[in-house]
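Quick one: the structure is below, and I'll ask about it shortly.
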Amino acid sequence: QVQLVESGGGLVQPGGSLRLSCAASGRIFSLWSMNWYRQAPGKERELVASITTSGSTNYGDSVKDRFTISRDASKNAVYLQMNSLIPDDTAIYYCKLWTTSGSYWGQGTQVTVSS
């Protein structure tokens, strides 16, 4: 069974930085992309960033130029470097793997940006 575990969340002040990690374990076949989503209270879950096996990246407009997604294929891990954080970034962040046969979600990690 494939399992994903997120880490790196926490409480930071506006303008601060955090680096989220997602480690995947188990048997993974036909990996297509690795993604970060987030969900804030009272809002719908939204795509934050994605990266394909070829290295192509995509970002939501609200985080473009502030966040950077990267991967380590040998470790089946994906990372999200978050800079210049603002209160609107407060949410639970989830990693997700897309494969040709299905998708897998992590349990999420809380990010709170507050003074």
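The values are calculated or read from the model by the stated rules, or taken from the named source; none is laboratory data. Worth saying up front: this structure is predicted, and the values here are computed from it rather than measured. Please note: Cβ atoms are built from the backbone with ideal geometry, for glycine as well, and neighbour counts cover all protein chains shown. Just the protein is used for accessible areas: all its heavy atoms, side chains included, with ligands, DNA and RNA removed. Shrake-Rupley method; radii C 1.70, N 1.55, O 1.52, S 1.80 Å.
For Thr53 and Ser115 in one chain, what is 0.36 nm times their gap in residues minus the Cα-Cα distance, to one decimal in nm?
18.5 nm is the gain from fully extending Thr53 to Ser115.
Work out the FRET efficiency for Trp98 and Arg66 from their Cβ-Cβ distance, taking R0 = 25 Å, and round it to the nearest 0.05.
After rounding, the FRET efficiency stands at 0.60.
Could I ask something else about it? Tell me, what % of the accessible area of the chain is carbon and sulfur with a 1.4 angstrom probe?
Within the chain, the accessible surface is 47 percent carbon and sulfur.
Evaluate the relative contact order of the chain (contact order divided by residue number), counting alpha-carbon pairs under 8 angstrom at least 6 apart; express in whole percent.
RCO, the chain: 37 percent.
Can you say what percent of the DSSP beta bridges in the chain, counting only those with both residues inside, are antiparallel? Round to 5.
Roughly 95 percent of the beta bridges in the chain run antiparallel, per DSSP.
Once the dipole of the chain is set up with Lys and Arg at +1 and Asp and Glu at -1 on Cβ about the Cα centre, which of Leu4, Gly26, Ala73 lies farthest towards its positive end?
In the chain, that residue is Gly26.
Which value, in debye to the nearest 20, describes the size of the charge dipole of the chain about its Cα centre when Lys and Arg Cβ atoms bear +1, Asp and Glu Cβ atoms bear -1, and nothing else is charged?
280
Also, I was wondering about something else. For the stretch 23-115, what is the accessible area per residue in Å², given a 1.4 Å probe and the full set of protein chains?
The answer is 55 Å² per residue.
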